[in-house]
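Enquirer: Got a structure for you, questions after.
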Amino acid sequence: MTIKTVKCTSPSNIAFVKYWGKYGRQLPMNPSISMTLKNCHTVCEVTYQIDDKNPGLKSFQFENEENSAFSERIEKFLESISDIYPLVNSLSLEVKTSNSFPHSAGIASSASAMSALCFCLAQIESEVNGESDKILEKASFMSRLASGSACRSIYPDYASWGEYTSCSHSSNEYASLFTEFHESFKKVKDTILIVSSETKGVSSSLGHTLMNGHPFKDSRKEQALENMRVITNAMKLGDWDTFGEILENEALTLHALMMTSNPSFILLKPESLSIIDKIRSFRKKTKTPLYFTIDAGPNMHLIYPEAVHKDVMNFIESDLKEHCENGKYIEDEIGVGSVLL
Ligand code: PMV
């Protein structure tokens, strides 16, 4: 039996409109749109052979060491996709992954890790079955089942996931490339201020579940649809003011939903609020298009066009760095999605 290897790199992504709440088999309660990152990524190498008699995951290494917790998660995932990826019943697999960012930086790694694995699996399927059609869509579909937001990491630049009216090909089952953006959205930075590297106090999976009985569930769905309409239009027009208004509204809505769920979670730290305050004053004073977004944790993502990179870095060094844990921040930017190595 021939032993073959597929190796790829796949990045993390940062959502502008947030996916929060799900139903059925990991389908999103509302549509979302994200920017694909570049520097925060996972490298994944899958060695495989066809072995009908002894299929399954034979070994798993994270950063060159066996990791039983991750290994169990992947085994479970592989079993769960046998209906849409029947090849899993005849593949013997060895998986090795490593991240470009520290595991404990407070940066979610499941989007890059799971999209990397699924991108490799989609490549393997196309090598074995000789079908190269819709590899990205299949990789995104499987990534969604592995870890919701991971489905957006496959694509370059920007990806949307979930049905919304202004995009006729949008789907709840996989993400799609968002291409209609203005020149000024071609080169965009995301500087991630590490306020705390502690593991977050609420898993996103619990957070999604808590949306089911949430008193603001229906209004959140409506708001997300409207925010999708407005933000995609602003990206088309290059209207950074409107883009930033929605970006920050989405970040604060996500945290407001967590604060008002039952049980309630407050993940922002006093330092996160100080950073918000300073960004807003800086923007007012200098008119620099610098905006923030936040995931389910206290760290702050600063989103801005590359053209103002120097001014923003000076501001970070002089005013914001003092609010970061050990002065730490990660410089990232718009990236190309999953790529074979
Ligand atoms: O993919 P999950 O289940 O880890 O959920 C991610 C949710 C947010 O990061 C908060 C928002 C998003 O759309 O990425």
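The values are calculated or read from the model by the stated rules, or taken from the named source; none is laboratory data. Treat the numbers as computed from the prediction; the structure is a model and nothing was measured. We place every Cβ from the backbone using ideal geometry, glycine too, and count neighbours over all the protein chains shown.
Enquirer: Look through SER109, SER168 and report the one residue that is surrounded by fewer than 16 Cβ atoms within 10 Å (Cβ to Cβ) and modelled with pLDDT under 95.
Expert: SER168 is the lone residue from the list that is surrounded by fewer than 16 Cβ atoms within 10 Å (Cβ to Cβ) and modelled with pLDDT under 95.
Enquirer: Within region 14-55, restricting attention to residues that are within 18 Å of SER170 (Cα to Cα) and polar (S, T, N, Q), which residue is farthest from the ligand (Cβ to nearest atom)?
Expert: THR36
Enquirer: Restricting attention to region 274-320, report how many residues are of a type in the set (Lys, Arg) and under 22 Å from LYS38 (Cα atoms).
Expert: So the count comes out to 1.
Enquirer: So PHE265 ticks every box in (1) within 14 Å of the ligand (Cβ to nearest atom); (2) part of a helix (DSSP H, G or I) but one. Which box is left unticked?
Expert: (2)
Enquirer: Condition test on SER153, is it within 23 Å of PHE16 (Cα to Cα), modelled with pLDDT of 95 or more and in contact with a Gly (Cβ under 8 Å, 6 or more places away or on another chain)?
Expert: For SER153, the condition - within 23 Å of PHE16 (Cα to Cα), modelled with pLDDT of 95 or more and in contact with a Gly (Cβ under 8 Å, 6 or more places away or on another chain) - is met.
Enquirer: Still on this structure, please answer the following. Take THR286 and tell me if it is surrounded by fewer than 20 Cβ atoms within 10 Å (Cβ to Cβ), at pLDDT 95 or above and of a type in the set (Val, Ile, Thr).
Expert: So THR286 passes the test.
Enquirer: Same structure again: So, of the residues in region 305-335 that are among the acidic types (Asp, Glu) and part of a helix (DSSP H, G or I), which turns out to be farthest from SER274 (Cα to Cα)?
Expert: Among residues in region 305-335 that are among the acidic types (Asp, Glu) and part of a helix (DSSP H, G or I), the one farthest from SER274 (Cα to Cα) is GLU306.
Enquirer: Can you work out which of the residues in region 20-47 that are surrounded by 24 or more Cβ atoms within 10 Å (Cβ to Cβ) and among the hydroxyl-bearing types (Ser, Thr, Tyr) is farthest from PHE101 (Cα to Cα)?
Expert: The extreme case among them is SER32.
Enquirer: Could you check SER197 against (1) touching a residue at least 60 places away in the same chain (Cβ under 8 Å); (2) in contact with a Ser or Thr (Cβ under 9 Å, 6 or more places away or on another chain); (3) of a type in the set (Gly, Ala, Ser); (4) outside any loop (DSSP other than H, G, I, E, B) and say which number it fails?
Expert: For SER197, the exception is condition (4).
Enquirer: So the check is Cβ under 9 Å with 6+ separation or different chains; which pairs have a first residue in region 292-310 that's more than 10 Å from PHE16 (Cα to Cα) and a second one that's within 11 Å of the ligand (Cβ to nearest atom) and of a type in the set (Phe, Trp, Tyr)?
Expert: Hits for this filter: ALA296/TRP20.
Enquirer: How many of the residues making up region 200-227 are within 13 Å of the ligand (Cβ to nearest atom) and either assigned to a helix (DSSP H, G or I) or in contact with a Gly (Cβ under 8 Å, 6 or more places away or on another chain) (or both)?
Expert: Total meeting the criteria: 12.
Enquirer: Now for a separate question. Select from region 285-329 the residues that are β-branched (Val, Ile, Thr) and within 16 Å of the ligand (Cβ to nearest atom) and write down the one among them that is farthest from the chain's Cα centre (by Cα).
Expert: Per the criteria, the residue is ILE303.
Enquirer: Still on this structure, I have one more. Condition first: closer than 18 Å to CYS8 by Cβ, within 23 Å of the chain's Cα centre (by Cα) and modelled with pLDDT under 95. Can you find one or more residues in region 65-84 that meet it?
Expert: Checked against the condition, which is being closer than 18 Å to CYS8 by Cβ, within 23 Å of the chain's Cα centre (by Cα) and modelled with pLDDT under 95, region 65-84 yields at least one hit.
Enquirer: Select from region 1-13 the residues that are aliphatic (A, V, I, L, M) and surrounded by fewer than 17 Cβ atoms within 10 Å (Cβ to Cβ) and write down the one among them that is farthest from the ligand (Cβ to nearest atom).
Expert: MET1
Enquirer: Right, something else. When you scan region 231-239, do you find a residue that is surrounded by fewer than 17 Cβ atoms within 10 Å (Cβ to Cβ), assigned to a helix (DSSP H, G or I), among the charged types (D, E, K, R) and on the phi < 0 side of the Ramachandran plot, even just one?
Expert: Yes, some residue in region 231-239 is surrounded by fewer than 17 Cβ atoms within 10 Å (Cβ to Cβ), assigned to a helix (DSSP H, G or I), among the charged types (D, E, K, R) and on the phi < 0 side of the Ramachandran plot.
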